[in-house]
Amino acid sequence: MGALYRASFDLVFSSYVVLEHSTKAALQGLLGEGARVLKDGGHMIVVTNTPEFYRSNCVSCAVDFPENREPLRSGQKVRKSVPFP
């Protein structure tokens, strides 16, 4: 896919992508690019986790690690294990 044009989308959707960025600059770049391609009056939806996610394991990943103990804070690094190759 080539470069995306400015103001070319009514909706920008990001699901758990922000969790993969480890620096503030990288996160600002991601959100800035989303804003750049968003039309005036468009909407950006960003899905991320809450501390409640790290209270128990689920089918797709394990989160029961000492570094995930409460109280979790905004920006804190957490650990998860995905059992699929």
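Quick note: the coordinates plus some simple rules give every number you see, no bench work behind them. Everything quoted here is computed from the prediction, not taken from an experiment. All Cβ positions, even for glycine, are placed from backbone atoms using ideal geometry, and neighbour counts span all protein chains on display.
Run the quick spin-label model on residue 82 and residue 53: label points 7 Å from Cα toward the beta carbon, then report their separation in nm to one decimal.
That separation, rounded to one decimal, is 1.2 nm.
How about residue 39: which aspartates and glutamates have a C-alpha closer than 20 Å to its C-alpha, ignoring those fewer than 8 places off in the same chain?
The reachable aspartates and glutamates, counting only those whose Cα sits under 20 Å from residue 39, are 10.
Report, ordered by chain and residue number, the lysines lying within cross-link reach of residue 24, taken as a straight Cα distance under 22 Å and ignoring same-chain residues fewer than 8 apart.
Correct list for residue 24: 77, 80.
For the chain, what does -39500 (n - 2.57) per DSSP helix run (n ≥ 4), summed and divided by total residues, give at 222 nm, in deg cm²/dmol to the nearest 500?
-5500 deg cm²/dmol
Just to check I understand the Karplus step: with θ = phi - 60° and J = 6.51 cos²θ - 1.76 cosθ + 1.60, what whole-Hz values come out for region 71-77, glycine and proline as x?
x, 7, 10, 4, x, 5, 6
Output the 0 to 90 degree angle, nearest 10, between the alpha-carbon long axis of helix 24-37 and the longest principal axis computed from the alpha carbons of the chain.
Tilt of helix 24-37: around 40 degrees.
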